[in-house]
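Reviewing the structure listed below.
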């Protein structure tokens, strides 16, 4: 039987530097690689995954909600791994705060924009960053990303569209 895993992650920017986490090598998901801040949605967060994103940011960095600016859902990424479909809600935001706390999940570091694509990260993280840095702004619409078996990621804009009623 296929199960579902919902996650919310954030790419946090401060003056062309991005807060990334080098995940502890013992972590089950993305152990030993660079990742955005985030984690799993908890009960009650499925209707508004931004709540999970904000909770995870505060838990993993010490940043408070009032220190987060321009938070925007930019991507929803889907992929299948074994018998699990993973849905990741990807937010981008800004902060003026540079002090962060340490945590048990990994090491936090501010990374220069031009170094992001050189980090050892998951395929999904790399492709989101590549797409965002090459083609996106904070004003762009929400994109859907789907990972195929090659692997490659395909992006499409998610739009509000109503079909006409046919008689």
Any hit, region 19-26, residues being free of Cβ contacts under 8 Å to residues at least 40 places away in the same chain and out of contact with any helix residue (DSSP H, G or I) (no Cβ under 8 Å at 6 or more places or on another chain): yes
Members of region 33-53 found to be more than 19 Å from residue 128 (Cβ to Cβ) and in contact with a helix residue (DSSP H, G or I) (Cβ under 9 Å, 6 or more places away or on another chain), listed by number: 42, 44, 45, 46
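Per-residue answers, yes or no, for (1) at pLDDT below 95; (2) under 22 Å from residue 7 (Cα atoms):
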{"residue": "100", "(1), (2)": "yes, yes"}
{"residue": "118", "(1), (2)": "no, no"}
{"residue": "135", "(1), (2)": "yes, no"}
{"residue": "140", "(1), (2)": "yes, yes"}
Among (1) in contact with a helix residue (DSSP H, G or I) (Cβ under 6 Å, 6 or more places away or on another chain); (2) assigned to a strand (DSSP E or B), the one test that residue 5 misses: (1)
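The values are calculated or read from the model by the stated rules, or taken from the named source; none is laboratory data. The structure presented is a predicted model; accordingly, all values stated were derived computationally and were not measured. Ideal geometry is used to build each Cβ from the backbone, glycine not excepted, and the neighbour counts take in all protein chains shown.
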